[in-house]
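J.: Below is the structure I would like to discuss, written out as structure tokens.
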Amino acid sequence: MKTVNHWIGGKTVEGASGNWGPVTDPATGAADTRVALASVEEVDAAVAAAKAAYATWGTSSLSARTAILFRYRALLDAHRDEIAALITAEHGKVHSDALGEVARGLEIVELACGITTQLKGELSTQVSNRVDVSSIRQSLGVVAGITPFNFPAMVPMWMFPVAVACGNTFVLKPSEKDPSASLRLAELATEAGLPDGVLNVLHGDKVAVDRLLEHPDVAAVSFVGSTPIARHIHATASANGKRVQALGGAKNHMLVLPDADLDAAADAAVSAAYGSAGERCMAISAVVAVGSIGDELVEKIVERARKIKIGPGNDPTSEMGPLITAAHRDKVASYVTGAAAQGSKVVLDGTGHTVEGFENGHWIGLSLLDHVPTDSDAYRDEIFGPVLCVLRVDTYEEGVALMNASPFGNGTAIFTRDGGAARRFQLEIEAGMVGVNVPIPVPVGYHSFGGWKDSLFGDHHIYGNDGIHFYTRGKVTTTRWPDPADAPSGVDLGFPRNH
């Protein structure tokens, strides 16, 4: 059986806790890999390695850091297929989707390569007689990242490249369900020249997470996952004096106005709802049809959904792979099997789907629910699977009110040809990321990613300018130097004379 161990201090460290977790191939159901689950002592060892490395990394030059990151970017580019194959083997998403994940992670590495311009300070001269004021941003120290199973390479790359570019050292606790991709990212970072201990990968469960949240040497925690866990992470880490950015769950809506191009809207709905088997926080899980277009839009979605080929992620003809675990597959299926009793019309039922030759895989087909009530479980919960809900409203105002009533505020979209309606939607909708005829409005690397309401706990979004501010803190220095020609001025207890 293959074993996935920790990466601490620039080398593989075998798990010593005696606790192991299974890593399953979602396409076959086979658990032929195990991952070490860290003890409190192993967490302490990883943090200690990061703290020791910070003594020199935190004072290293910007040019030295970015030179390593440029080499790292080249290595990641050269190993795209290898990293994507690891993602497919343990997560199940199709290879093209895994390659896209790596590409989006590379955007943040590229942002980190250009960190020098983002870390420039400010200087005001002569604010008073011979008094100057300067502002700088400095690193925090040891920071930690806790990342989800659905993007085992991209989400870690949303965090650690920016953190280490700013001069911090990093302890990554990836999902124990698909740990190998993050481990490979760390190995390549060492190959690029990142000093030992600057990036550490620690596998584990709640024991490891809780220790990171309370560890006195961890200055900040970044998290992406479900809303209940994000709320817990934020409350616990904040109570322990840490800076926290905790990105939670979502129920992303797509408002389709009567003037929209319905073919484009249907294409977008199918892509955004069923891509990556719906296992992404930016998936569109609720389409809100305005006016009389609902029936035609549903017909177009059905026509497209029926053509999606489901199969193993390493099959080039597959368009959608399995879900991460059998337990998650069963939970997703329960929303479909219980939908009719709660008032929805089940248009497509993907439960019971199997793939020939892979009968033990974690398969589920595409499901479509129409006329979904807002008080039903399928609408209220983040399903995190290939289930799309369609809701009907009479007016734009009714649709926006419905969407704003959701406790989530991650991403949203509007499909329309009306620029005035789109502009109004952009201002009125209560969500952190908005798409106009774009179903999954994930910002590029130099803008920041994050939602509102129960989709974000903390003050900072992730990557972009917010990410740089999260991983640094400001310092202001006020300086007065006497002119050599001046005689001593004596004691003055008054305020500085600025005017």
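J.: Compute the distance in nm between two label points, each set 7 Å from the Cα along the Cα-to-Cβ direction, one at residue 78 and one at residue 63.
T.: Label at residue 78, label at residue 63, 2.4 nm between them.
J.: Further question: Residues of segment 237-276 with the amide nitrogen closer than 11 Å to a label point 7 Å from the Cα of residue 306, along Cα-to-Cβ, please.
T.: Flagged as within label range: none.
J.: Between residue 16 and residue 123, how many nm apart are label points set 7 Å from Cα along the C-beta direction?
T.: Modelled inter-label distance: 4.9 nm.
J.: What shape does the chain have by the C-alpha gyration tensor, where a ≥ b ≥ c are the square roots of the eigenvalues, rounded means a/c under 1.5, and otherwise prolate means a/b greater than b/c and oblate the rest?
T.: It comes out oblate by the Cα gyration axes.
J.: How large a share of the accessible area of the chain, in percent, is made up of carbon and sulfur atoms when the probe is 1.4 Å and the other protein chains stay in place?
T.: Percent of accessible area from carbon and sulfur atoms in the chain: 52.
J.: Note down the net charge around residue 2, summing +1 for each Lys or Arg and -1 for each Asp or Glu among other residues with Cβ under 9 Å from its Cβ.
T.: Combined, the nearby Lys, Arg, Asp and Glu give 0.
J.: Filter the cross-link list 51/242; 11/206; 11/242; 251/309 down to pairs whose alpha-carbon distance in this structure exceeds 22 Å.
T.: 11/206; 11/242; 251/309
J.: Just to confirm the number: angle between the C-alpha axis of helix 154-165 and the first principal axis of the chain, 0 to 90 degrees, nearest 10?
T.: Helix 154-165 and the main axis of the chain meet at about 10 degrees.
J.: Rounding to the nearest 10 and keeping the result within 0 to 90°, find how far the Cα-based axis of helix 62-78 lies from the longest principal axis of the chain.
T.: 20 degrees
J.: Ordered by packing density, taken as the mean number of other Cβ atoms within 10 Å over each peptide's residues, highest first, how do 100-106, 367-373 rank? Spell out each step's value before the answer.
T.: Values: 100-106: 19.9, 367-373: 22.4.
Those peptides, ordered most packed to least, come out 367-373, 100-106.
J.: Let me ask something additional. Determine the shape class of segment 399-466: with a ≥ b ≥ c the square roots of the Cα gyration tensor eigenvalues, call it rounded for a/c under 1.5, and otherwise prolate if a/b is greater than b/c, oblate otherwise.
T.: Values: a/c = 2.47, a/b = 1.35, b/c = 1.83.
Taking the square roots of the gyration eigenvalues as a ≥ b ≥ c, segment 399-466 is oblate.
J.: May I ask for the percentage of alpha-carbon pairs in segment 315-441 that lie more than 17 Å from each other?
T.: Working: 5150 of 8001 pairs.
Counting pairs separated by more than 17 Å, the tail of P(r) holds 64 percent.
J.: Related question: Name the shape class, rounded, prolate or oblate, that the alpha-carbon gyration tensor gives for segment 38-81, where a ≥ b ≥ c are the square roots of its eigenvalues, rounded holds for a/c under 1.5, and otherwise prolate holds if a/b is larger than b/c and oblate otherwise.
T.: It is oblate, given that a/c is not under 1.5 and a/b is not larger than b/c.
J.: At what distance in nm do the modelled label points of residue 56 and residue 295 sit from each other, each positioned 7 Å from its Cα along Cα→Cβ?
T.: That separation, rounded to one decimal, is 7.3 nm.
J.: Moving on to the next point. Taking every DSSP beta bridge that has both residues in the chain, what percent is antiparallel when rounded to the nearest 5?
T.: Numbers: 29 of 72 bridges.
Approximately 40 percent, going by the DSSP bridge assignments.
J.: Mind ranking 134-144, 272-282, 216-226 by how tightly packed they are, going by the mean number of other C-beta atoms within 10 angstrom, highest first?
T.: The densest-packed peptide leads the list: 272-282, 216-226, 134-144.
J.: Let me ask something else about it. Would you compute, from DSSP H runs of 4+ residues alone, the mean residue ellipticity of the chain at 222 nm, taking -39500 (n - 2.57) per run and dividing by the full residue count, rounded to the nearest 500?
T.: Calculated mean residue ellipticity at 222 nm is -11000 deg cm²/dmol.
J.: What accessible area per residue comes out for segment 192-293, rounded to a whole number of Å², with a 1.4 Å probe?
T.: Here the per-residue accessible area is 27 Å².
J.: Same structure again: Below 12 angstrom from the Cβ of residue 137, what's the summed charge of the other residues (Lys, Arg +1; Asp, Glu -1)?
T.: +2
J.: Something else about it: Based on the mean of other beta carbon atoms within 10 Å per residue, what is the order of 36-42, 313-319, most packed first?
T.: Numbers: 36-42: 20.0, 313-319: 16.4.
Descending packing order for the listed peptides: 36-42, 313-319.
J.: Which angle from 0 to 90°, rounded to the nearest 10, does the C-alpha axis of helix 180-191 make with the longest principal axis of the chain?
T.: Roughly 30 degrees, rounded to the nearest 10.
J.: Collect residues whose amide H, placed 1.01 Å from N in the peptide plane, falls under 5 Å from the amide H of residue 146; neighbours closer than 5 in sequence don't count.
T.: When sequence neighbours closer than 5 places are left aside, the close amide H contacts are 173, 222, 223, 224.
J.: Given H placed 1.01 Å from N in the peptide plane, which residues other than close sequence neighbours of residue 13 have an amide H under 5 Å from its amide H?
T.: The answer is 6, 7, 8.
J.: How much net charge surrounds residue 53 when only the other residues with a Cβ under 14 Å from the Cβ of residue 53 are counted, with Lys and Arg +1 and Asp and Glu -1?
T.: Summing Lys/Arg as +1 and Asp/Glu as -1 gives +1.
The values are calculated or read from the model by the stated rules, or taken from the named source; none is laboratory data. Bear in mind the structure is a predicted one, so any value in this text is a computation, not a measurement. Note that each Cβ is placed from the backbone with ideal geometry, even for glycine, and that neighbours are counted across all protein chains shown. All accessible areas refer to the heavy atoms of the entire protein, side chains included, with ligands and DNA or RNA removed. Shrake-Rupley method; radii C 1.70, N 1.55, O 1.52, S 1.80 Å.
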